[in-house]
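A short write-up of the structure that comes next.
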Amino acid sequence: MVKNTTSLTFYGGVDEIGGNKILLQDRETRVFFDFGMSFALKKQFYSPPFLSPKSEKSLQELGILPQIKGVYKFDPSPPEVDAVFLSHGHLDHSAYLSFIKREIPVYCGETTRTILQALSDVRRADLEFNVGDIEFKAFRTGKKIKIDGLEIEPCHVDHSVPGAYGFVIHTSNGAVVYTGDFRDHGAKPEMTRDFVENAKNAEPVAVVTEATNMTGASVSNEAEVEGKLDEIVARADGVVLAEFAYSDVDRLNSFYHVAKKNNRCLAVSLKQAYLLEALRKDKGLKVPALDDEAMLIFRKSKKRFDKWESQLIERYECANRVCDVFEASKQQCKVILAVSFYDFEELVPLQPEPGSCYILSSSEPFNEEMEIDYERLINWLSHYGLPEYHVHVSGHMMPLSLKAALREMGAKRIFPVHTESAGLFARFMRDLKGNVTLVEKSREYKL
Ligand SMILES: [Zn+2]
Ligand SMILES: [Zn+2]
């Protein structure tokens with residue numbers, strides 16, 4: 001007999017920011033929403049590159065990769081999950097797809113597919129990020145996907161990476177909403193509005209919501225960030241070093257606008273250039289062209305380039321859009337140089353002039369793609385006399401906006417994930433109609 005039950009089990013994203021792995025079961029159908037890497041858990045045991053997990057066995061032993069039957073490619077038993085849906089391309093939501101059985105279909109937005117494919121082209125595959133052989137099934141807003149008796153409606157949301165989605169999942173016991181990561185203060189707040197509206201219209205029985213920003217909240221938006229960046233760049237005499245997340249296209253656009261306004265070029269890394277080239281084909285997105293006169297591709301000093309790097313350099317060299325550190329060093333007041341902390345060796349040949357500065361434009365101490373070693377960063381900045389500005393706006397909803405969105409959705413039950421402050425969240429939301437459940441990892445919650 002088919003049981004008419006619906007349940008949620010959280011294998012990640014519990015008492016931590018990221019690592020979301022949420023299993024929804026409806027009768028005999030089992031679907032995962034996100035399958036991310038947990039930066040926080042990993043950090044408890046590992047310190048790459050010298051201490052890195054060697055195999056999935058280590059990850060499972062330490063509880064970094066949860067024990068789930070019929071899901072992993074190293075598990076010989078038949079698949080017990082019907083599909084995985086990705087909300088967006090950040091690694092804390094997508095990286096552990098690496099371990100998923102390849103016969104389990106993976107659904108994601110078209111832009112997310114582009115981002116993950118570009119990322120796997122430019123990164124050497126390793127144990128924890130190896131998605132090059134996955135055939136993603138792509139969707140866009142408005143599409144409805146049927147997995148047995150389940151109907152899943154993706155809807156765009158605004159987040160710090162393009163192509164982010166929330167979901168309305170129609171189960172045999174009513175609609176379940178999953179927000180993924182979202183905000184209403186980015187470049188496209190109207191997308192989040194659409195999602196909240198859709199969620200509300202579905203009269204959900206439950207909502208699984210991110211609750212990242214319960215402390216350290218601020219009121220700002222991407223437009224304000226651009227204004228602040230402009231203020232700094234306009235007054236800097238030397239080079240402006242800019243650290244922002246590789247896939248944060250909104251931030252890249254803000255830096256690009258500011259560069260243009262101040263007669264500078266935005267010099268991006270080869271990796272970023274490769275992604276931009278891929279995203280240019282996406283009609284829904286606005287990204288600068290690499291042959292634009294306010295854009296440059298920064299060629300790091302190294303002896304050997306990968307094939308994709310040499311090809312990219314070749315494509316833009318004739319248009320004079322490629323520069324190395326020596327050229328950048330000669331025209332410091334003409335450049336905003338996108339750097340990652342791992343590129344800091346370039347500061348030695350660059351020799352930043354007085355009046356140069358560094359802008360950290362991602363969340364600290366980590367963004368959703370990498371961790372920043374803050375102490376060492378400051379040592380480098382101090383050595384070269386580079387003041388550090390922090391100009392950033394979060395990719396996540398602020399508490400009062402989140403509350404308003406949840407009130408509007410009106411779900412009977414609320415499950416906070418992707419947060420270290422679930423208790424605070426529950427107390428802050430206690431006057432909402434829906435009951436907040438403080439989630440325990442790997443426990444099944446019947447709806
Ligand atoms: Zn996240
Ligand atoms: Zn995210």
- Filtering segment 99-117 down to residues that are part of a helix (DSSP H, G or I) and out of contact with any strand residue (DSSP E or B) (no Cβ under 6 Å at 6 or more places or on another chain) yields Thr111, Thr112, Thr114, Ile115, Leu116, Gln117
- Pick from segment 179-202, criterion within 16 Å of the chain's Cα centre (by Cα) and within 27 Å of Glu28 (Cα to Cα), ranking: nearest to ligand 2 (Cβ to nearest atom): Gly180
- Task: Please specify each residue of segment 51-93 satisfying the condition of being within 16 Å of ligand 2 (Cβ to nearest atom) and in a loop (DSSP other than H, G, I, E, B).
- Result: Leu86, Ser87, His88, Gly89, His90
- Message: Which of the strands (runs of 3 or more DSSP E) found entirely inside segment 235-313 contain at least 2 residues meeting this: in contact (Cβ under 8 Å) with a residue 60 or more places away in the chain?
- Response: 240-243, 265-269
- Item | Members of segment 182-195 found to be buried (at least 24 other Cβ atoms within 10 Å of the Cβ) and away from ligand 1 (no atom under 13 Å from the Cβ), listed by number | Gly186, Thr192, Phe195
- Task: Within segment 164-181, identify whether any single residue is within 16 Å of ligand 1 (Cβ to nearest atom) and either in a helix (DSSP H, G or I) or β-branched (Val, Ile, Thr) (or both), and answer yes or no.
- Result: yes
- Message: Against the condition among the β-branched types (Val, Ile, Thr) and buried (at least 19 other Cβ atoms within 10 Å of the Cβ), how does Ile145 come out, does it pass?
- Response: no
- Query: In this structure, does Ile152 turn out to be outside any helix (DSSP H, G or I), in contact with a Phe, Trp or Tyr (Cβ under 7 Å, 6 or more places away or on another chain) and away from ligand 2 (no atom under 16 Å from the Cβ)?
  - Reply: yes
- Given the structure, is Thr111 within 24 Å of Gly423 (Cβ to Cβ) and surrounded by 16 or more Cβ atoms within 10 Å (Cβ to Cβ)? no
- Hey, among the residues in segment 60-92 that are without any contact (Cβ under 8 Å) to a residue 40 or more places away in the chain and open to solvent by less than 10 Å² (accessible area, probe 1.4 Å), which one's farthest from the chain's Cα centre (by Cα)? Gly70
- Task: Kindly indicate whether Gly355 is on the phi > 0 side of the Ramachandran plot and either in contact (Cβ under 8 Å) with a residue 60 or more places away in the chain or in contact with a Ser or Thr (Cβ under 9 Å, 6 or more places away or on another chain) (or both).
- Result: yes
- Task: Given the conditions (1) touching a strand residue (DSSP E or B) at 6+ places or on another chain (Cβ under 9 Å); (2) open to solvent by less than 10 Å² (accessible area, probe 1.4 Å), report the number of the one that Gln331 does not fulfil.
- Result: (2)
- Message: Among the residues in segment 165-178, are any within 16 Å of ligand 2 (Cβ to nearest atom), at pLDDT 95 or above and touching a Leu at 6+ places or on another chain (Cβ under 9 Å)?
- Response: yes
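One line per residue, one yes/no per condition, for (1) touching a strand residue (DSSP E or B) at 6+ places or on another chain (Cβ under 6 Å); (2) without any contact (Cβ under 8 Å) to a residue 12 or more places away in the chain:
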site	(1), (2)
Arg376	no, no
Ser382	no, yes
Tyr389	yes, no
Ala404	no, yes
Val436	yes, no
Val439	yes, no
- Message: With the requirement that a residue be more than 16 Å from Ser362 (Cβ to Cβ) and small (Gly, Ala, Ser), what does segment 216-244 give you?
- Response: Ala217, Ala223, Gly227, Ala234, Ala236, Gly238
- Within segment 114-135, which residues are open to solvent by 10 Å² or more (accessible area, probe 1.4 Å), of a type in the set (A, V, I, L, M, F, W, C) and either more than 24 Å from Ser58 (Cβ to Cβ) or within 16 Å of ligand 1 (Cβ to nearest atom) (or both)? Leu119, Val122
- Query: Where residues in segment 203-223 are over 24 Å from Gly410 (Cα atoms) and not in a loop (DSSP other than H, G, I, E, B), which of them is farthest from ligand 2 (Cβ to nearest atom)?
  - Reply: Ala223
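The values are calculated or read from the model by the stated rules, or taken from the named source; none is laboratory data. Note that the structure is predicted; figures quoted are calculated from it, not measured. Every residue, glycine as well, gets a Cβ built from its backbone with ideal geometry; the counts of neighbours run over all protein chains shown. Calculation scope for accessible area: heavy atoms of the full protein, side chains included, ligands and nucleic acids excluded. Shrake-Rupley method; radii C 1.70, N 1.55, O 1.52, S 1.80 Å.
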